[in-house]
Amino acid sequence: MDLIGVCGGEFDATYGVMRHLNCLQDQNRLTRRRALEAIRNEFFSRDTNSVAPDRGVVEAIIRPLLRVFSDPVEKCRELAIRTVSEMLELTQEPYSFLQFVIPTLVQRLAQPEITEPSEELRLQLIELTRSTIDRCNIHVAPYLNDLVLS
């Protein structure tokens, strides 16, 4: 039996997204943007759009996506923020990713100097923060001090 038969659609989804993750570190801005668009297409345009994404897939791609929040290209940052926001909205247990999401949000929003130059993206980051707090409720408690500072 092949790997796809054993893992089912989970392997297909993981492989489809994973092959684009390496491109997120490419020097070429167009390559990074295309990789983000491909990840979004693989992740959100499946027939299972309303079904919660597999935790393993989210776990594999959330850190590379959060690194793109610091990309020099605004469009790449925008795509990454939107992808993470929508991914966390669909995830059944978004609190399991707080350890990665909150420090990134604090890094982008709670510095003495403005880290995110785009007002629109700062607004999206604040909306992501708000929706994360709303969905995770009590699980946000360990990060409360960091969030208050932001």
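General remarks:
- Surface/4 of the Cα convex hull for region 100-150, nm²: 3.3 nm²
- Computed over neighbours whose Cβ is under 12 Å from that of F100, the net charge equals +1, Lys and Arg +1, Asp and Glu -1.
- All other residues whose Cβ lies under 13 angstrom from that of N137 are scored, Lys and Arg at +1 and Asp and Glu at -1, for a net of 0.
- Over all other residues within a Cβ to Cβ distance under 12 Å of R77, the charged ones net out to +3, with Lys and Arg as +1 and Asp and Glu as -1.
- Whole-Hz ³J(HN,Hα) from phi, Karplus 6.51 cos²θ - 1.76 cosθ + 1.60, for region 142-148, glycine and proline x: x, 9, 4, 4, 5, 5, 5
Each reported figure results from applying straightforward, stated rules to the coordinates on display, with no laboratory input. What you are looking at is a predicted structure, and each value in this text was computed from that prediction instead of being measured. All Cβ positions, glycine included, derive from the backbone under ideal geometry; neighbour counts span all protein chains shown.
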